[in-house]
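For reference, the structure discussed in these notes is given below.
The values are calculated or read from the model by the stated rules, or taken from the named source; none is laboratory data. These numbers come from a predicted model, not from an experiment. With ideal geometry, Cβ positions are generated from the backbone for all residues, glycine too; neighbour counts draw on all protein chains shown. Note: accessible area is taken over every heavy atom of the protein model, side chains too, but ligands, DNA and RNA are not part of it. Shrake-Rupley method; radii C 1.70, N 1.55, O 1.52, S 1.80 Å.
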Amino acid sequence: GQNIDQPTEMTATEGAIVQINCTYQTSGFNGLFWYQQHAGEAPTFLSYNVLDGLEEKGRFSSFLSRSKGYSYLLLKELQMKDSASYLCAVGSRGTGFQKLVFGTGTRLLVSP
Amino acid sequence: GAVVSQHPSRVICKSGTSVKIECRSLDFQATTMFWYRQFPKQSLMLMATSNEGSKATYEQGVEKDKFLINHASLTLSTLTVTSAHPEDSSFYICSAGTGALELFFGSGTQLSVL
């Protein structure tokens, strides 16, 4: 089975930096993905890590440690529009396809 | 990125009726499509994996007779919620993949059963 955990809620102020953690226990690991989701909308892809280390993409960075079953998403220079849910998802390889299982999600509220 | 179209975006139905939701990959052929449901303030729960031309694989606890999935072509998968009840009210989202790492999501369907 798979167990993917994230904090339920976080708050931060505009311009600050926030780190959202994700821990997982899974079999058949094939990448760790981060998605952003605004209420009532579909998730949008932010980043993914397959190998250990840090991946930077503008204001967003994601880190992975496979040995520890741990990842984090780092958001810099927070803006009000960053208020959303952030979903950590673990990829696993099925027969000829990639399958994603999502974590519990973290609701981030950015205040002025 | 690739586009996945899902409709309807919102549907309200009476208890006991069936509702069909369509998921189409518009500019690529999706070998696999996935169906998720999401309750308010919760994360996405994978319901089933749909492969073109074969039966869907359902996750544990998901009733296959309740949630019928048909993946008739490489660009279309449908989810039918049969004999819908108020507890089936939820946000349903599909995603499609080509076998590569990234998956592409539809815009979701908000189902309300009265």
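In table form, for the structure just shown:
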{"read-out": "Criterion violated by A:Q19 - all others in (1) at pLDDT 95 or above; (2) open to solvent by 30 Å² or more (accessible area, probe 1.4 Å); (3) under 28 Å from B:S5 (Cβ atoms) satisfied", "value": "(3)"}
{"read-out": "Test for A:D52: is it within 21 Å of A:T11 (Cα to Cα), touching a Lys or Arg at 6+ places or on another chain (Cβ under 9 Å) and either open to solvent by 10 Å² or more (accessible area, probe 1.4 Å) or not hydroxyl-bearing (S, T, Y) (or both)", "value": "no"}
{"read-out": "Some residue of region A:78-100 being assigned to a strand (DSSP E or B), surrounded by fewer than 19 Cβ atoms within 10 Å (Cβ to Cβ) and more than 14 Å from chain B (Cβ to nearest Cβ)", "value": "no"}
{"read-out": "Residue check, B:G16 away from chain A (no Cβ under 14 Å) and farther than 22 Å from A:H38 by Cα", "value": "yes"}
{"read-out": "Condition broken by B:F39, with the remaining ones in (1) within 28 Å of A:Q36 (Cβ to Cβ); (2) without any contact (Cβ under 8 Å) to a residue 40 or more places away in the chain; (3) within 12 Å of chain A (Cβ to nearest Cβ); (4) within 15 Å of the chain's Cα centre (by Cα) satisfied", "value": "(2)"}
{"read-out": "Criterion (part of a loop (DSSP other than H, G, I, E, B), touching a residue at least 60 places away in the same chain (Cβ under 8 Å) and open to solvent by 60 Å² or more (accessible area, probe 1.4 Å)) met by exactly one of B:S54, B:S107", "value": "B:S107"}
{"read-out": "One residue from A:V110, A:V101, A:V50, A:V90 being among the β-branched types (V, I, T) and in contact with a Gly (Cβ under 6 Å, 6 or more places away or on another chain)", "value": "A:V50"}
{"read-out": "Matching residues, region B:58-83, being surrounded by 16 or more Cβ atoms within 10 Å (Cβ to Cβ) and modelled with pLDDT under 90", "value": "B:H71, B:L74"}
{"read-out": "First in region A:68-81 and farther than 14 Å from A:L46 by Cα, second anywhere and buried (at least 19 other Cβ atoms within 10 Å of the Cβ), Cβ under 6 Å, 6 or more apart", "value": "A:G69/A:Y24; A:L78/A:V110; A:M80/A:V110"}
{"read-out": "For B:D27: the one exception among (1) open to solvent by 70 Å² or more (accessible area, probe 1.4 Å); (2) among the acidic types (D, E); (3) modelled with pLDDT of 95 or more", "value": "(3)"}
{"read-out": "So B:G99, is it surrounded by fewer than 15 Cβ atoms within 10 Å (Cβ to Cβ), at pLDDT 95 or above and either away from chain A (no Cβ under 14 Å) or in a loop (DSSP other than H, G, I, E, B) (or both)", "value": "no"}
{"read-out": "Residue that is farthest from B:A96 (Cα to Cα), among those in region A:49-58 that are modelled with pLDDT under 95 and not in a strand (DSSP E or B)", "value": "A:G58"}
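Listed here are the residues, each with its yes/no results for (1) at the interface with chain B (Cβ under 9 Å from one of its Cβ atoms); (2) part of a strand (DSSP E or B); (3) not β-branched (V, I, T).
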position: A:I4; (1), (2), (3): yes, yes, no
position: A:P7; (1), (2), (3): no, no, yes
position: A:M10; (1), (2), (3): no, yes, yes
position: A:A16; (1), (2), (3): no, no, yes
position: A:I20; (1), (2), (3): no, yes, no
position: A:S27; (1), (2), (3): no, no, yes
position: A:Y35; (1), (2), (3): yes, yes, yes
position: A:A42; (1), (2), (3): yes, no, yes
position: A:S47; (1), (2), (3): no, yes, yes
